[in-house]
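The structure appears below as structure tokens.
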Amino acid sequence: MKKTLLVIAALCSCLSLRAQDPEPASSYSVTVDFTYATRYVFRGVQLADDTLMPSVEVSSGAFTAGIWSAQPLIDNVDNEVDFYAGFGIPLQGEWALDVGFCTYYYPELDTSGGADEVTWEPYIGISGTVGGVSPALYVYYDLTLKAFTYEGSLGYSVPLEPAGASLDFSAALGRVNPDVGSGMTYYSVGASVPFALSESGTLTVGVNYGHNNIAGGDCYGKNSHFFGTIGVAIGF
């Protein structure tokens, strides 16, 4: 029921915003996104099968904040709702420093065994563009789980002008190091094609591969995951 109510609320918000009359350009922008993934994979670890991932993001200048959610559709897996905010600081050329935090909230999690319903993770990162390639390096520290995550990533986009789209490639390599216990290394590669539906709407289809080196696999008993995504984003 909670999953259904959250999805309906997000859809109603989207329709309400679209129904408003056009207004003069404002100092902020809002993006509503509805993405479906055949698997929910986070940092190389599968957390659920078929999952709906609605989100709302607000940006104003260098400041960005949003709400992202994972709503598993088949598995009896707890919902996840993330709240995040970040601030970009321009550096030399096309480089920028990014600082912010993310709050992970699991409203249906059984905490009787000591699991944390909420965790807090501040981060700092640097990103830019070099010869058409977009590298980034981020460091995260979960204050609740007491774990560092280091992640480097690359992005590259090829225009598909006849189709009004582009072919976007991505790759990431990361390492999770908890204060207590063993860590793990993960990596991912992906390709996606965003199609412009209108001036403010985009349909994106993607394929992805994620891998972790956890001994014995993750909670699904696997180290490798291949999955697809499809989503619609609308900007205001």
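The values are calculated or read from the model by the stated rules, or taken from the named source; none is laboratory data. Predicted, not measured: the structure shown is a model, and the values here were computed from it. Backbone-built Cβ (ideal geometry, glycine too); neighbour counts: all protein chains shown.
General observations
- When I126 is tested against (1) β-branched (V, I, T); (2) closer than 24 Å to F226 by Cα; (3) surrounded by 15 or more Cβ atoms within 10 Å (Cβ to Cβ), just one condition goes unmet, and that condition is (2).
- Subset of the range 77-130 [of a type in the set (D, E, K, R) and out of contact with any Pro (no Cβ under 9 Å at 6 or more places or on another chain)]: D82, E94, D98, E108, D110, D116, E121
- Within the range 12-69, being modelled with pLDDT of 95 or more, hydroxyl-bearing (S, T, Y) and in a loop (DSSP other than H, G, I, E, B) holds for one residue alone: T38.
- Restricting attention to the range 165-184 and to residues that are more than 17 Å from the chain's Cα centre (by Cα) and in contact (Cβ under 8 Å) with a residue 40 or more places away in the chain, the residue that is farthest from D142 (Cα to Cα) turns out to be M184.
- Here the range 29-51 is the region considered, the condition is being small (G, A, S) and crowded, with 20+ Cβ neighbours inside 10 Å, and the residue that is nearest to I74 (Cα to Cα) is A48.
- Complete set of residues in the range 159-182 that are modelled with pLDDT of 95 or more and either in contact with a Ser or Thr (Cβ under 8 Å, 6 or more places away or on another chain) or over 21 Å from T103 (Cα atoms) (or both): L167, D168, F169, S170, A171, A172, L173, G174, R175, V176, N177
- Residue ID - farthest from Q71 (Cα to Cα), chosen from residues in the range 96-123 that are of a type in the set (D, E, K, R) and loosely packed, with under 15 Cβ neighbours inside 10 Å: D116
- Verdict on S198 being more than 27 Å from D49 (Cα to Cα), of a type in the set (S, T, Y) and touching a Pro at 6+ places or on another chain (Cβ under 7 Å): no
- Residue list for the range 205-231, restricted to those being crowded, with 16+ Cβ neighbours inside 10 Å, of a type in the set (V, I, T) and under 17 Å from the mean Cα position of the chain (by Cα): T229
- The single condition from (1) of a type outside the set (K, R); (2) in contact with a Phe, Trp or Tyr (Cβ under 8 Å, 6 or more places away or on another chain); (3) not in a loop (DSSP other than H, G, I, E, B) that L97 fails is (2).
- Just one of the listed residues (Y140, Y187) is touching a residue at least 12 places away in the same chain (Cβ under 8 Å), surrounded by 15 or more Cβ atoms within 10 Å (Cβ to Cβ) and in contact with a His (Cβ under 6 Å, 6 or more places away or on another chain), and it is Y187.
- A count restricted to the range 61-87 and to residues that are small (G, A, S) and surrounded by 17 or more Cβ atoms within 10 Å (Cβ to Cβ) stands at 4.
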